[in-house]
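Peer 1: Have a look at the structure that comes next, please.
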Amino acid sequence: MYKMGFVKNVDKTTAAFLSLMTLGLIGLVFLILFGNLSGNLGFASGTQGYNDTEAVITNLTGGATTFFGFANVWFTLLAVVLLIIIIISVIAVVGSFRGGSKFSN
């Protein structure tokens with residue numbers, strides 16, 4: 001089947017993107033297999049670069065811990081909102097089967 005120019009460009013872009021993703025995945029696998037770069041090629045202990053790196057890692061870990069500490073609140077609110085949406089949907093469907101309601105035109 002003949003492909004238009006736009007479709008060919010999308011196919012080429014997709015192939016290039018998948019190639020870059022594959023290279024990135026291979027790099028990630030090597031990083032996991034051969035260790036953390038900050039331990040092998042990073043800053044010497046006690047230097048400013050080392051202290052900055054440790055501060056960033058501490059901030060990221062603290063942020064993730066804080067988020068998951070409050071996750072139960074967010075999930076509870078999400079469950080309540082979903083329950084309200086389900087109840088309104090059921091009322092609308094039952095009303096439309098009855099022959100009309102406030103929710104249907």
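Peer 1: Working carefully through the options Leu33, Leu37, find the one that is exposed (fewer than 10 other Cβ atoms within 10 Å of the Cβ), at pLDDT below 80 and in contact with a Leu (Cβ under 7 Å, 6 or more places away or on another chain).
Peer 2: That would be Leu37, the only listed residue that is exposed (fewer than 10 other Cβ atoms within 10 Å of the Cβ), at pLDDT below 80 and in contact with a Leu (Cβ under 7 Å, 6 or more places away or on another chain).
Peer 1: Before we move on, is Ile87 β-branched (Val, Ile, Thr), over 25 Å from the mean Cα position of the chain (by Cα) and modelled with pLDDT of 90 or more?
Peer 2: Judged against the criteria, Ile87 is a match.
The values are calculated or read from the model by the stated rules, or taken from the named source; none is laboratory data. In this text, all values refer to a predicted model and were calculated from it rather than measured experimentally. Using ideal geometry, Cβ is built from the backbone for each residue, glycine included, and neighbour counts are taken over all protein chains shown.
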